């Protein structure tokens, strides 16, 4: 990261943009004018408010930090020169948004060559704001948060998610079915950023998922790891969107062992 970039400034900008976009999409949801269409599959939905949220964030970033790169779920691609790239999920949990469920969020993160440096996840329905800056800890509002201290997988509450691709879902369903007898229970909210934030504040003990994207992961991963969670792929290597495990450190090894038995 450039020496003249302060992580706190980046997280403050992420917070402002996530809140503004979150208020926009919440107002849009109440209007009932969703403008829904499909993307990768017949069940992968996008609304006019996904696009409006991304446009709001991108326009602001290009004004405030014109040298930064941008990657957005709905197609924004800006090649930067500053060494900072922004990852935007304008509505994480679009299916929840579409159905009027509250588990959707706006996720905004800034990253440098070594990974996420600042992030904000705003949940409009609950008005909860999760934030982190690298090396500065994680917060829910102004309150510091930390992950679970659990050490026994059998009593762990584990979150997961599923792909929109039917063949991926078949394998993911089998994996969850095999794991279920070995944990307290499984939760599936439908928004990766919120799941990661729930690991960060101890509402769940672990989260795993496959076939994510950079914008799903960037902000929530920073928030969870700044809260003390351990992150990896299914083999214990570097976490990546294709294989993500984020959990309390005390169950990391046991969770990986269980996942490897179900691959």
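The values are calculated or read from the model by the stated rules, or taken from the named source; none is laboratory data. Predicted model, so just to flag it, every value in this text is computed and none were measured. Note that each Cβ is placed from the backbone with ideal geometry, even for glycine, and that neighbours are counted across all protein chains shown.
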Residue under evaluation residue 43, criteria (1) within 18 Å of the chain's Cα centre (by Cα); (2) not in a helix (DSSP H, G or I), criterion not met: (1)
Restricted to region 224-253 and to residues being within 15 Å of the chain's Cα centre (by Cα) and part of a loop (DSSP other than H, G, I, E, B), the residue nearest to residue 211 (Cα to Cα) is 242
Pick from region 200-214 the residues that are over 11 Å from the mean Cα position of the chain (by Cα) and over 20 Å from residue 175 (Cα atoms): which of them is surrounded by the most Cβ atoms within 10 Å (Cβ to Cβ)? 200
Residues to consider are 76, 60, 118, 125; find the one that is within 20 Å of residue 239 (Cβ to Cβ) and in the same structural domain as residue 15 (by TED's automatic domain parsing). 118
Exactly one of 32, 22, 28 is without any contact (Cβ under 8 Å) to a residue 24 or more places away in the chain and in the same structural domain as residue 102 (by TED's automatic domain parsing), and that one is 32
Test for residue 17: is it assigned by TED's automatic domain parsing to the domain that holds residue 134, without any contact (Cβ under 8 Å) to a residue 40 or more places away in the chain and touching a helix residue (DSSP H, G or I) at 6+ places or on another chain (Cβ under 7 Å): no
Inside region 75-113, can you point out the residues that are within 18 Å of the chain's Cα centre (by Cα) and exposed (fewer than 15 other Cβ atoms within 10 Å of the Cβ)? 75, 101
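Within region 225-239, identify whether any single residue is crowded, with 24+ Cβ neighbours inside 10 Å and closer than 27 Å to residue 50 by Cα, and answer yes or no.
No - not one qualifying residue is present in region 225-239.
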Scanning region 29-40 residue by residue, those part of a helix (DSSP H, G or I) and either within 20 Å of the chain's Cα centre (by Cα) or within 16 Å of residue 93 (Cβ to Cβ) (or both) turn out to be 29
Select from region 196-223 the residues that are touching a helix residue (DSSP H, G or I) at 6+ places or on another chain (Cβ under 8 Å) and part of a helix (DSSP H, G or I) and list them in ascending order. 196, 197, 199, 200, 216, 217, 219, 220, 221, 223
Consider region 165-182. How many of its residues are touching a strand residue (DSSP E or B) at 6+ places or on another chain (Cβ under 9 Å) and either more than 17 Å from residue 262 (Cα to Cα) or in contact (Cβ under 8 Å) with a residue 40 or more places away in the chain (or both)? 3
Since residue 59 meets every condition but one in (1) in a helix (DSSP H, G or I); (2) within 21 Å of the chain's Cα centre (by Cα), which condition does it not meet? (2)
